[in-house]
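Accompanying notes for the structure given below.
The values are calculated or read from the model by the stated rules, or taken from the named source; none is laboratory data. On a predicted model such as this, the values are computed, not experimentally measured, just so you know. Cβ coordinates were reconstructed from backbone atoms using ideal geometry, including for glycine residues, and neighbour counts include every protein chain displayed. The area values use the complete protein model at the heavy-atom level, side chains included, leaving out ligands, DNA and RNA. Shrake-Rupley method; radii C 1.70, N 1.55, O 1.52, S 1.80 Å.
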Amino acid sequence: PTFDTGVGGVVVTGVVTATSFSGDGSNLTGIQAGVADFVASGTIPNGSTVVINSDGTVGIVTQTGTPDPNVGTPVIFESDNSDYISAVYDSTNQKVVIAYRDTGNSNYGTAIVGTVSGTSISFGSAAVFESSSVTYIAATYDSTNGKVVIGYKDVGNSNYGTAAVGTVSGTSISFGTPVVFASAATEYIAAAYDSSNEKVVFAYTDDGNSYKGTAIVGTVSGTSISFGSEVVFEAGTTSFINATFDSTNNKVVIAYRDGGNSSYGTAIVGTVSDTTISFGSAVVFNSNGNTQYNAIAFDSTNDKVVIAYRDGGNSSYGTAIVGTVSGTSISFGTAVVFASVNAIWQSVAYDTVNQKILISYRDATNLDYGKAVVGTVSGTSISFGTAETFEAANTNYTSAVYDLSNNKVVIAYQDGGNSSYGTAVVFGTTSLVTNLTTENYIGIAAAGISSGATGAINIIGGVNTGQTGLT
């Protein structure tokens, strides 16, 4: 370089290489912050999103496959007659927990931990949570305390509504002492976890109070749970109850059949406060008549509740409807048939990554096969693809749950074609596979980089100028 010191300072013509710099650098230009050099694995076009590989090289984000659903091979989790199945996802341990009645073991309440890998699932050893006959099992996950909470009808204790708190460790689960939440016969138990108030909510039919729809709030502490007072949400005979938590509006939404109003499909919004829950006015979502097998899930992308049900007033077709919570009420769009067959044992799960609703059910019109269909919410409606068969045999007690860590839905069910064994299958709402994970994103290419060459990547704090057409 050439130095000129006669102009009141130093002017450099050419390139200067420095190993350090002293000063605040506030007047420097042309220096790009948030940039690091990496070796490219494969050609990286300018402006491409980039992941870091296990060997320290970087490559572009890729996605392969098709948008069509994929179904894994069924796996037995209980080699005996299993029913009243309820599956839940433990987000702390990244495991699926399946609760069920083990008829081969005196109808005891039992649970088992599943680990998803690719398109399959493996299981640990089963654990008993209630050493007596149980029915109407409903499980939820307390993400604050990292506990699985199971509600059920304890046949061995006067049919009382009871709950047990489970702790997952590795591929096992252990339970604390069961706690009664309703000292009367209970049926159609549903469970939801209010993450805003850090409370468990059970909704159920109170046989001891004229079969009214009732709810109660539970607080987990250690391996136990305590409850507030029972609150009636429906004074008529109530059945086919299911519940979900709307995390946008911090509300519990309960769907049910209102036997006091022509067995219409009905929903109601609950607000938890401390150890109690209050309700707005009930809203009918299906006035065609007998509404059964209500299942419900919350679409957190579109801030919508989706209810699937058997429409007894329309040839018992499998039907779904989208609900929007506002304050303490809920409104509904137009119902959409997802299966023009007699559909029972509906269960709903929401895939947060692919933003899809999955509904599993038994096709009672076509050999009672287990089927699942993928839906996409848009506004106040929902559209569906083609149903996929996940079990070519009589399928009952389906329970679908989304495994976030593996981006798969697990469907647990009773396989009537195989001695009614408890069985599970891994279902992908799409067959697309990406190399992007929650941990390997590194940044955006600051320039084009040839394979094997070293180039600049804009990392956190950097500004990328290689983008065009952005809106």
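Classification of the range 255-302 by its C-alpha gyration tensor yields an oblate form. The axis ratio a/c (a ≥ b ≥ c) is 1.5 or more, and b/c is at least a/b. When Rg and Dmax are taken over the Cα atoms of the range 231-284, they come to 11.2, 34 Å. If the chain linking S315 and S117 were pulled fully straight, counting 0.36 nm for each residue of separation and taking away their Cα-Cα distance, it would gain 67.4 nm.
Orientation-averaged projection of the range 126-195 equals 4.7 nm² [convex hull of Cα atoms, one quarter of hull surface area]. Positive contributions from Lys and Arg (+1) and negative ones from Asp and Glu (-1), summed over other residues with Cβ under 15 Å from the Cβ of V305, come out at -2.
In the calculated pair distance distribution of the range 96-242, what percentage of Cα-Cα distances lie above 27 Å?
Values: 2065 of 10731 pairs.
More than 27 Å apart: 19 percent of the Cα pairs in the range 96-242.
Per-residue SASA remark: F298, around 20 Å² accessible (1.4 Å probe; ligands, DNA and RNA not included).
Please list, or write none, the lysines whose alpha carbon is within less than 25 Å of the alpha carbon of K408, excluding same-chain residues fewer than 8 places away. Filter leaves K95, K147, K304, K356, K371.
Along the range 406-412 the Karplus relation, 6.51 cos²θ - 1.76 cosθ + 1.60 evaluated at θ = phi - 60°, assigns HN-Hα couplings of 10, 6, 9, 9, 9, 10, 9 Hz to successive residues, with x for each Gly and Pro. Working note: Karplus 6.51/-1.76/1.60 with θ = phi - 60° gives the range 248-253 the couplings 6, 9, 6, 10, 8, 10 Hz, where Gly and Pro are set to x. What do you get for Rg/Rh of the range 287-339 when both radii come from the Cα atoms and Rh is the Kirkwood radius? Reported Rg/Rh, Kirkwood definition of Rh: 0.99. If r is the Cβ-Cβ distance from S326 to S287 and R0 is 22 Å, what FRET efficiency results, to the nearest 0.05? It comes out at approximately 0.60.
In this label model, T223 and S195 are separated by 2.7 nm, measuring between points 7 Å along each Cα→Cβ vector.
Taken over the alpha carbons of the range 165-212 as equal point scatterers, the Debye sum produces base-10 log I(q)/I(0) values at 0.19, 0.22 Å⁻¹ of -0.82, -0.94.
Normalised by 2.2 N^0.38 Å, with N the number of residues, the alpha-carbon radius of gyration of the range 362-439 equals 1.26.
By the rule of a C-alpha distance below 24 Å, with chain neighbours fewer than 8 residues away ignored, the lysines paired with K153 are K199, K212. Annotation: amide H-H contacts under 5 Å for T57 (H modelled 1.01 Å from N, sequence separation of 5 or more, or interchain): none. Rounded to two decimals, the Cα-based Rg/Rh of the range 284-420, with Kirkwood Rh, is 0.96.
A Förster radius of 41 Å combined with the Cβ-Cβ distance from S125 to V337 puts the calculated FRET efficiency at roughly 0.45. Using only Cα coordinates, the Kirkwood hydrodynamic radius of the range 163-253 works out to 14.0 Å.
Note on V180 and S450: their simple-model spin labels are 8.0 nm apart, each label 7 Å out from Cα toward Cβ. If you wrap the Cα atoms of the range 31-126 in a convex hull and average its projected area over all directions, you get 10.6 nm².
Residues V200, V353, sorted by accessible area with the largest first, give V353, V200 [1.4 Å probe; ligands and nucleic acids excluded]. Extension gain, S405 to N46: 0.36 nm times the residue separation minus the Cα-Cα distance gives 126.2 nm. When the Cα positions of Y350, G265, T398 are compared along the charge dipole of the chain, G265 comes out farthest toward the positive end, with charges on each C-beta of Lys, Arg, Asp and Glu.
For the chain, the Cα gyration tensor yields ellipsoid semi-axes of 51, 24, 23 Å (square root of five times each eigenvalue, largest first, whole Å).
Geometric descriptor of the range 243-333, per residue, is 87 Å³ (volume of the convex hull of the Cα atoms).
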